[in-house]
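Every number in this text was worked out from the coordinates using simple rules, so none of it is lab data. Just so we're clear, the structure is a prediction, and the values are computed from it rather than from any experiment. When we count neighbours, we look across all protein chains shown, and the Cβ atoms used for this are built from the backbone with ideal geometry, even at glycine.
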Amino acid sequence: MRMISNSPRTTAAIARVLAKEVFKAKSLVVLGLVGELGAGKTTFIKAFIKGLGSKKKVTSPTFIILRRLPLNAKRDIYHIDAYRVKSKDLLQLGLKEVMTRRNIVLVEWAERVKKVLPKNTIWLKLEHGNNKNERYITINRR
């Protein structure tokens, strides 16, 4: 599925709609976000996390790599920034344990750690459009 966003506000609205669908899942959900710098990955993730109902301030885990945000008693959100890491680094940080529960895992720069992500990862590609704030958002599975 491919959508066009003409503003950060529209990108956030798309993220919130997807979050409501993901929240209904009864098992682990992994979203792998790919796209150039400035394509809107962090904007998307911030709105997605808010759309799940989290009240926490969302900041990118650029320097800490992996951030856990409690969602409810049975489920957590994990936000991963894989820009500066390799697959083995995520495994050392406990990625396997994160993926054993009903968690929701959001991975920025996911193409860098693709081999440790599950086969049912939902892939989101964010691309710059023709205009300043235009973005193309493509959602698919591997």
- Query: Which residues, counting only those in the range 53-75, are assigned to a loop (DSSP other than H, G, I, E, B) and touching a Ser or Thr at 6+ places or on another chain (Cβ under 6 Å)?
  - Reply: SER60
- Test set (1) crowded, with 16+ Cβ neighbours inside 10 Å; (2) more than 15 Å from the chain's Cα centre (by Cα); (3) over 16 Å from ALA25 (Cβ atoms) - LYS88 fails condition number: (1)
- Message: For the structure I just gave you, tell me whether ASN133 is polar (S, T, N, Q), farther than 16 Å from GLU21 by Cα and in contact with a Ser or Thr (Cβ under 8 Å, 6 or more places away or on another chain).
- Response: yes
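Take the residues in the range 124-142 that are of a type in the set (S, T, N, Q) and in contact (Cβ under 8 Å) with a residue 60 or more places away in the chain, then tell me which one is farthest from VAL107 (Cα to Cα). Reasoning before the result, please.
Pass one, the range 124-142, residues of a type in the set (S, T, N, Q): 130-131, 133, 138, 140.
With in contact (Cβ under 8 Å) with a residue 60 or more places away in the chain added as a condition, the list becomes 131, 133, 138, 140.
Numbers: ASN131: 26, ASN133: 23, THR138: 15, ASN140: 15 Å.
Selected residue: ASN131.
Condition test on VAL17, is it of a type in the set (A, V, I, L, M, F, W, C) and either under 23 Å from GLU111 (Cα atoms) or not in a helix (DSSP H, G or I) (or both)? Don't jump to the end; show me each part of the working.
Details: of a type in the set (A, V, I, L, M, F, W, C): yes; either under 23 Å from GLU111 (Cα atoms) or not in a helix (DSSP H, G or I) (or both): no.
Against the criterion (of a type in the set (A, V, I, L, M, F, W, C) and either under 23 Å from GLU111 (Cα atoms) or not in a helix (DSSP H, G or I) (or both)), VAL17 does not qualify.
Among the residues of the range 93-101, is there at least one that is outside any strand (DSSP E or B), acidic (Asp, Glu) and either over 13 Å from the mean Cα position of the chain (by Cα) or at positive phi (or both)? Show your work before the answer.
Restricting attention to the range 93-101, the residues satisfying the condition of being outside any strand (DSSP E or B) are 93-101.
Filter once more, keeping what is acidic (Asp, Glu): 97.
Within this subset, residues satisfying the condition of being either over 13 Å from the mean Cα position of the chain (by Cα) or at positive phi (or both) are 97.
Looking for residues that are outside any strand (DSSP E or B), acidic (Asp, Glu) and either over 13 Å from the mean Cα position of the chain (by Cα) or at positive phi (or both), one finds at least one in the range 93-101, hence yes.
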- What residue, of VAL29, VAL98, VAL22, VAL105, is surrounded by fewer than 20 Cβ atoms within 10 Å (Cβ to Cβ), closer than 24 Å to ILE137 by Cα and touching a strand residue (DSSP E or B) at 6+ places or on another chain (Cβ under 8 Å)? VAL22
- Task: Please determine, by comparing only the residues of the range 38-83 that are without any contact (Cβ under 8 Å) to a residue 24 or more places away in the chain and of a type in the set (Gly, Ala, Ser), which one is surrounded by the most Cβ atoms within 10 Å (Cβ to Cβ).
- Result: SER54
- Please determine, by comparing only the residues of the range 108-142 that are in a strand (DSSP E or B) and aliphatic (A, V, I, L, M), which one is surrounded by the fewest Cβ atoms within 10 Å (Cβ to Cβ). ILE139
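Is it the case that some residue within the range 33-46 is part of a helix (DSSP H, G or I), aliphatic (A, V, I, L, M), within 18 Å of ALA13 (Cα to Cα) and under 12 Å from the mean Cα position of the chain (by Cα)?
Initial filter on the range 33-46 (part of a helix (DSSP H, G or I)): 41-46.
Filter once more, keeping what is aliphatic (A, V, I, L, M): 45.
This time we only want the ones that are within 18 Å of ALA13 (Cα to Cα), so: 45.
Add one more test, that the residue is under 12 Å from the mean Cα position of the chain (by Cα), and what stays is 45.
For the range 33-46, residues part of a helix (DSSP H, G or I), aliphatic (A, V, I, L, M), within 18 Å of ALA13 (Cα to Cα) and under 12 Å from the mean Cα position of the chain (by Cα): present.
Scan the range 89-118 residue by residue and report those that are among the charged types (D, E, K, R) and touching a residue at least 40 places away in the same chain (Cβ under 8 Å). Full working, then the answer.
Here is the first cut: in the range 89-118, the ones among the charged types (D, E, K, R) are 89, 96-97, 101-102, 108, 111-112, 114-115.
Hits for the range 89-118 are ARG101, ARG102, GLU108, GLU111, LYS114.
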